[in-house]
Amino acid sequence: MSSGPHGPHHQVPMTQAQIAQQQQQQAMQVEMAKRRSKKPTDKNLPDNLDDCTIGDGAAKYRDLRDFERRLDATMTRKRLDIVDSVNRSVKRWKTLRIWVTNTAEDQVWQSSGLGVDSFDFTSNLEPTYRVKIEGRLLDDDNDDQDKEDDETKTETDADKMDEDGDSKAKPATKSPRYRFSHFFKSLSVDFPANRKGADQAVEWKKPERAGNSSNLPAAADFDEFTFKRSGDENLNITINLFRHEDPERYALTPEMQDVVDKPEATRQEVVMAIWDYIKFTGLQEDEEKRNFRCDELLKKALGGIDSGNIPLLHNYITPALKPLPPVQLPYTIRVDEDFHKDPQPTVYDVRVVVDDPLREKMSAFLSNAGYASMLKEVATMDDQLATIVQAIHVSKAKHGFLNSLSEDPATFVKNWLSSQKRDLDVVMGEAMRGGAEEATGDEWRKGGIDSVWGTVNAKESVSMLLAKQPQHVQR
């Protein structure tokens with residue numbers, strides 16, 4: 001109920017059509033619950049089925065069920081291993097080769113028609129230079145072999161296309177490759193101190209992804225970076241490349257390096273290394289396993305604490321993690337004529353981390369659309385199997401009934417009628433409280449309003465049981 005300027009607004013009463021629709025939805029929900037309760041789920045054969053069947057079909061079925069359980073356990077374990085491998089983000093080291101070169105334009109030695117003794121200095125051309133930074137990821141030996149095989153296959157397919165012009169060419173699927181900008185989040189160029197104010201600073205920062213898009217913007221997806229500045233003198237510059245890694249690696253303090261035994265590591269690697277060190281040296285508390293003591297080495301690495309809590313290791317190691325320094329590439333910009341007669345680029349090799357090539361294949365396996373459809377098909381076959389097994393249970397009960405009737409018909413009919421009468425009295429609530437058999441029998445054998453059969457759960461269960469229709473198996 002809400003209030004307005006003219007007082008409270010009362011809820012509008014429901015119409016007869018809305019009430020009927022609401023009642024219909026409730027009845028449909030009850031009907032769906034009854035259908036779910038009638039759905040068979042047991043796929044185990046009844047006991048002693050081998051005594052009343054011909055052949056070893058029941059034994060073979062049990063063997064198949066046991067094999068299915070072991071196969072399901074194996075597939076689940078393998079799938080969990082794949083999920084764990086994908087989540088662990090295994091990395092590989094590869095080499096990124098970087099070429100740095102420059103060209104010169106409108107320099108004095110490049111001018112034509114302007115002599116030294118000439119008094120015509122009206123040229124408006126300003127001497128400039130252009131620096132190009134290009135990076136390519138070097139392939140491994142196996143990758144080179146695969147590349148040669150792909151080129152050979154492409155040439156063979158091209159020959160086949162030339163021979164058969166009617167066939168349609170299918171585009172070759174290429175796996176996504178790493179580009180120069182993928183490995184760095186920013187780039188800057190340091191000029192000499194006497195040139196910092198003369199030219200505009202050179203700086204690039206990787207833009208963020210647009211929304212939920214999986215593709216990088218064009219400004220963050222390139223192999224070459226070029227900048228142009230004015231100048232007619234050779235310059236010594238430094239190119240700074242700031243790494244972009246996921247998860248991010250940090251430079252460790254000397255004290256932390258003594259514990260982790262490496263100069264650079266991710267936050268998770270540092271935590272795991274400290275945890276291994278605590279277990280190996282026995283620094284974990286005996287009574288409270290979440291606490292640990294610090295020896296001299298660990299005390300220096302964690303900032304001087306005497307003891308700590310294992311869940312807080314992420315907080316303890318933060319002061320010991322420093323950003324990685326940029327990759328610095330010194331380069332001399334040459335604008336003289338001697339260099340440009342035969343210009344040679346300056347080459348650097350930088351070690352970078354890439355995802356394991358199997359990660360993409362394993363991710364594709366986990367996101368396979370056919371897996372969901374296969375599970376639906378298996379679930380449908382399980383439902384059919386449960387229906388057949390239920391029919392076998394019914395047939396086994398009939399067989400036991402008729403077999404007992406054939407052995408001693410009179411005694412069997414007497415006991416069966418007595419049992420049916422007692423069950424009917426209990427269901428109808430007409431069984432007597434107290435006395436003889438009912439007084440010492442089970443609670444469910446006692447009828448009446450105050451018995452267990454008078455509860456809401458018992459009434460709903462009996463209602464669903466009576467509403468259950470016998471299922472006939474198609475032959």
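The values are calculated or read from the model by the stated rules, or taken from the named source; none is laboratory data. Please read all numbers here as calculations on a predicted model, not as lab measurements. Note that each Cβ is placed from the backbone with ideal geometry, even for glycine, and that neighbours are counted across all protein chains shown. Just the protein is used for accessible areas: all its heavy atoms, side chains included, with ligands, DNA and RNA removed. Shrake-Rupley method; radii C 1.70, N 1.55, O 1.52, S 1.80 Å.
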Completion exercise
Over 20 Å (Cα to Cα) among Lys300/Lys322; Lys94/Lys206; Lys34/Lys421; Lys398/Lys459; Lys132/Lys341; Lys185/Lys361 -> Lys94/Lys206; Lys34/Lys421; Lys398/Lys459; Lys185/Lys361
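Just the number, please: carbon plus sulfur as a percent of the accessible area of the range 259-325, 1.4 Å probe, no ligands or DNA/RNA counted. Each step should come with its number before you reach the end.
On the way: 2110 of 4070 Å².
Accessible surface attributable to carbon and sulfur in the range 259-325 totals 52 percent.
Based on the mean of other Cβ atoms within 10 Å per residue, sort peptides 20-33, 284-297 so the most packed one is first.
On the way: 20-33: 10.7, 284-297: 12.4.
In descending order of packing, they fall as 284-297, 20-33.
Viscosity 1.002 mPa s, temperature 20 °C: what is the translational diffusion coefficient of the range 194-331 from Stokes-Einstein with a Kirkwood Rh over Cα pairs, rounded to a whole number of µm²/s?
Values: Rh = 18.9 Å.
The Stokes-Einstein estimate is 114 µm²/s.
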Exercise for the section: Taking H placed 1.01 Å from N in the peptide plane, check which residues at least 5 places from Gly231 or on another chain put their amide H under 5 Å from its amide H. Expected result: Thr128, Tyr129
Handout entry: Volume of the Cα convex hull of the range 15-73, divided per residue and given in Å³
Key = 125
Exercise for the section: For the range 217-223, take each phi angle, set θ = phi - 60°, evaluate the Karplus expression 6.51 cos²θ - 1.76 cosθ + 1.60, and give the result in whole Hz per residue in order, putting x for glycine and proline. Expected result: x, 4, 6, 10, 9, 8, 10
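Grab the alpha carbons of the range 313-354, take their convex hull, and tell me the volume per residue in Å³. Please report the intermediate quantities before stating the final value.
On the way: hull volume 4.5 nm³, N = 42.
Normalising the Cα hull of the range 313-354 by residue number yields 107 Å³.
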Problem - Whole-percent carbon and sulfur share, accessible surface of the range 326-371, 1.4 Å - result: 52
